[in-house]
Amino acid sequence: MIAVGLRRGLSGTARRAALLAHGLTLPGLVLGASMAGFGALHVTVAAAAQWWALAAVTGLRPERLTHQGALPRLAAWLALTLVTALAGTALVLPP
């Protein structure tokens, strides 16, 4: 969903760079976690929480984070990411 929003909202070189970065994010996170010796499950849960929080806060239009006065939206994204990541981790990993 975020990739569709990036494709729709941006144009030219910015769109290509955003789509490439979006496509390489998850493989990069998994590779980075494996190189550090940390489990990829935690990183995958955190990345999924971040993407879903971004979709919820921006209404599937991530370019809204770059507009004037987007600081409250950015703060809401970070807070929702934290809550979602903690809830997702609790659901996936046993205590």
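The values are calculated or read from the model by the stated rules, or taken from the named source; none is laboratory data. Just so we're clear, the structure is a prediction, and the values are computed from it rather than from any experiment. Note that we place each Cβ from the backbone using ideal geometry, even for glycine, and neighbour counts take in every protein chain shown. These accessible areas exclude ligands, DNA and RNA; they are computed on the full protein's heavy atoms, side chains included. Shrake-Rupley method; radii C 1.70, N 1.55, O 1.52, S 1.80 Å.
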Seminar exercise, completed: Of the residues in region 21-36, those that are of a type in the set (A, V, I, L, M, F, W, C), open to solvent by 50 Å² or more (accessible area, probe 1.4 Å) and at pLDDT 75 or above come to 24, 29, 30, 31, 35, 36
Exercise. Yes or no: residue 18 modelled with pLDDT of 80 or more and surrounded by 14 or more Cβ atoms within 10 Å (Cβ to Cβ)?
Worked result: no
For this session: Quick one: residue 51 ticks every box in (1) more than 30 Å from residue 11 (Cβ to Cβ); (2) assigned to a helix (DSSP H, G or I); (3) not small (Gly, Ala, Ser) except a single one, so which number is it?
Result: (1)
Exercise. Only one of these conditions is not met by residue 64: (1) under 23 Å from residue 18 (Cβ atoms); (2) in contact with a His (Cβ under 8 Å, 6 or more places away or on another chain). Which number is it?
Worked result: (2)
Exercise. Is there a residue being without any contact (Cβ under 8 Å) to a residue 12 or more places away in the chain and not basic (Lys, Arg) anywhere in region 51-62?
Worked result: yes
Seminar exercise, completed: How many residues of region 33-48 are more than 14 Å from residue 85 (Cβ to Cβ) and assigned to a helix (DSSP H, G or I)? The answer is 5
Seminar exercise, completed: Only one of (1) exposed (fewer than 13 other Cβ atoms within 10 Å of the Cβ); (2) in a helix (DSSP H, G or I) does not apply to residue 80, and that is (1)
